[in-house]
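In what follows, a structure is listed as structure tokens, so that the remarks can point back to it.
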Amino acid sequence: MSEPSQPHAANPRLDDYWMPFTANRQFKANPRLLESAEGMYYRSVDGRQILDGCAGLWCCNAGHGRREISEAVARQVATLDYAPSFQMGHPLPFALAERLAAIAPPGLNKLFFTNSGSESADTALKIALAYQRAIGQGTRTRLIGRELGYHGVGFGGLSVGGMLGNRRAFSANLLPGVDHLPHTLDIERNAFSRGLPAFGAEQADALERLVALHGAENIAAVMVEPMSGSAGVILPPVGYLQRLREITRRHGILLIFDEVITGFGRVGEAFASQRWGVVPDILTSAKGLTNGAVPMGAVFVHQYIFDAFMQGPDGIELFHGYTYSGHPLACAAALAALDIYQKEELFQRAVALEDYWCAALLGLRDLPHVVDIRCVGLVGAVQLAADPAGAGRRGQRVFEQCFRDGALVRCTGDTLALSPPLIIEREQIDRLLEILAGALRQLA
Ligand SMILES: Cc1ncc(COP(=O)(O)O)c(C=O)c1O
């Protein structure tokens, strides 16, 4: 009888893991496996150093292998590995909520903890709907998202999200009563803008038309990313977010910002809300909250919304939550990450490096197939013309070439997105873009 095969962590068989958002067959034929990480670099299983141009997946804003975080998590798992989250507590989520409230945009000082960006999105939508009922506005049930928006993969976030590839297979089962604003990508008018593009604030007026169509009394909330990340770094035109805020406020519609990507310093300041001077009613986060070390999300809720829930009869005010809400290890990681962010002033670093970053990125504009470059803070995108043989092929080839050449970039379709850890140095910016430029030339 043959021995059952033993899983081997260093050299596993690849067949059994169904990888998320991955071309499983192509990947397994030609895997890209990472083994360790330190500072700005990953190390691949074949021993190569890979410069991280993406903070993992927009997560590791303080860079990799931060001892302060791993030690805090190790201490915590040895002290209190888990505590039930319903009708029981432990001190850490309270302490974390206090720390987060202190850096939040004004008023957003009540924190609901989740385990991911998707859960944060669905939590925010549910809070918005339940709030409208709580204040006697129960007819406000419609939700509004935006084309090309990404709010994760739960049915709520998927429904208000606007990325066709994610929605197509589920289209008949998405939430009813959802509309979408137009997206703000306008390469014709805004190509190669530095920072926020000048044209397109009027796209927010589409909300007025939805109000005219449905009646404000039927609309609960609008949810947008202040900057669309996953769809390829689509920046809000100057004045756009302000206009959305003005229209939502005038009609009693809640405004939800999904800051899963923009939160924790990506565009300068703790949140995009602060950088661009618009305060939503609810704000969602995840990713950088723990520097990616332990899964966690946080929903920031305005005091007045929380207060409305606290008016009813005694008892559970919101029938919603997760077994792992406020998990001890996640809280320990988040507290340690916040310490680093503040000690190293990383939220300010994206602004400090913005000029250098944008100038370097815009220096790629004459390379083959480049049709647009967008940049702000420490985030950017290089959009390529699609290969006539198929949309997305060129982006994928550039991504793979960069990985072979020692840099991690991210492609969505034919857009290469860059969001390095906020600890990046100028020479590393140069190196990252040199590798990207080399790949673009080689594949021209
Ligand atoms: C804006 C935004 N919202 C939500 C999510 C979903 O987060 P998660 O993958 O942690 O569920 C993402 C992930 O990239 C995101 O970018």
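The values are calculated or read from the model by the stated rules, or taken from the named source; none is laboratory data. Since we're looking at a predicted model, the values are computed, not measured. Note that we place each Cβ from the backbone using ideal geometry, even for glycine, and neighbour counts take in every protein chain shown.
Filtering region 118-156 to residues that are within 16 Å of the ligand (Cβ to nearest atom), surrounded by fewer than 20 Cβ atoms within 10 Å (Cβ to Cβ) and without any contact (Cβ under 8 Å) to a residue 60 or more places away in the chain leaves E147, V153, G154, F155. For region 273-331, the tally of residues that are touching a Lys or Arg at 6+ places or on another chain (Cβ under 7 Å) and either of a type in the set (A, V, I, L, M) or at pLDDT below 95 (or both) stands at 2. Kindly establish whether V299 is of a type in the set (V, I, T), surrounded by fewer than 24 Cβ atoms within 10 Å (Cβ to Cβ) and either within 20 Å of the chain's Cα centre (by Cα) or within 16 Å of the ligand (Cβ to nearest atom) (or both). For V299, the condition - of a type in the set (V, I, T), surrounded by fewer than 24 Cβ atoms within 10 Å (Cβ to Cβ) and either within 20 Å of the chain's Cα centre (by Cα) or within 16 Å of the ligand (Cβ to nearest atom) (or both) - is not met.
Here L255 meets the list (1) in a strand (DSSP E or B); (2) out of contact with any Pro (no Cβ under 9 Å at 6 or more places or on another chain) almost entirely, failing just condition (2). A single entry from A333, A350 fulfils the requirement of being surrounded by 18 or more Cβ atoms within 10 Å (Cβ to Cβ), in contact with a helix residue (DSSP H, G or I) (Cβ under 7 Å, 6 or more places away or on another chain) and small (G, A, S): A333.
If the condition is being more than 15 Å from L432 (Cβ to Cβ) and in contact with a strand residue (DSSP E or B) (Cβ under 8 Å, 6 or more places away or on another chain), then region 32-46 contributes R32, L33, L34, E35, S36, A37, E38, R43, S44, V45. For region 289-325, the set of residues classified as in contact with a Pro (Cβ under 9 Å, 6 or more places away or on another chain) and part of a helix (DSSP H, G or I) is empty. Residue count for region 157-171 satisfying the condition of being touching a helix residue (DSSP H, G or I) at 6+ places or on another chain (Cβ under 7 Å) and either on the phi > 0 side of the Ramachandran plot or more than 11 Å from the ligand (Cβ to nearest atom) (or both): 2.
The set of residues in region 104-117 that are within 10 Å of the ligand (Cβ to nearest atom), farther than 14 Å from I256 by Cα and crowded, with 21+ Cβ neighbours inside 10 Å contains only T114. Confirm whether R365 is charged (D, E, K, R) and loosely packed, with under 15 Cβ neighbours inside 10 Å. Yes. Screening region 228-255 for residues that are polar (S, T, N, Q) and crowded, with 24+ Cβ neighbours inside 10 Å and picking the one that is nearest to the ligand (Cβ to nearest atom) gives S230. Residues in region 174-186 include none that are surrounded by fewer than 15 Cβ atoms within 10 Å (Cβ to Cβ), away from the ligand (no atom under 16 Å from the Cβ), in a helix (DSSP H, G or I) and more than 15 Å from the chain's Cα centre (by Cα).
Just one of the listed residues (D205, D258) is surrounded by fewer than 23 Cβ atoms within 10 Å (Cβ to Cβ) and of a type outside the set (G, A, S), namely D205.
Among the residues of region 218-249, write down those that are among the small types (G, A, S) and touching a residue at least 60 places away in the same chain (Cβ under 8 Å). So that I can check it myself, show each step before the final result.
Going residue by residue through region 218-249, those that are among the small types (G, A, S) are 220-221, 228-232, 239.
Selection gives A220, A221, S228, G229, S230, A231, G232.
Restricted to region 256-278, and to residues there that are within 11 Å of the ligand (Cβ to nearest atom) and among the charged types (D, E, K, R), the residue that is nearest to N61 (Cα to Cα) is R266. Among the residues of region 269-287, those that are touching a helix residue (DSSP H, G or I) at 6+ places or on another chain (Cβ under 7 Å), of a type in the set (A, V, I, L, M, F, W, C) and in a loop (DSSP other than H, G, I, E, B) comprise A270, W276, V278, V279, A286. Regarding region 48-64, can at least one residue be identified that is over 28 Å from G268 (Cβ atoms), not basic (K, R) and not assigned by TED's automatic domain parsing to the domain that holds A337? The answer is yes, given that some residue of region 48-64 is over 28 Å from G268 (Cβ atoms), not basic (K, R) and not assigned by TED's automatic domain parsing to the domain that holds A337.
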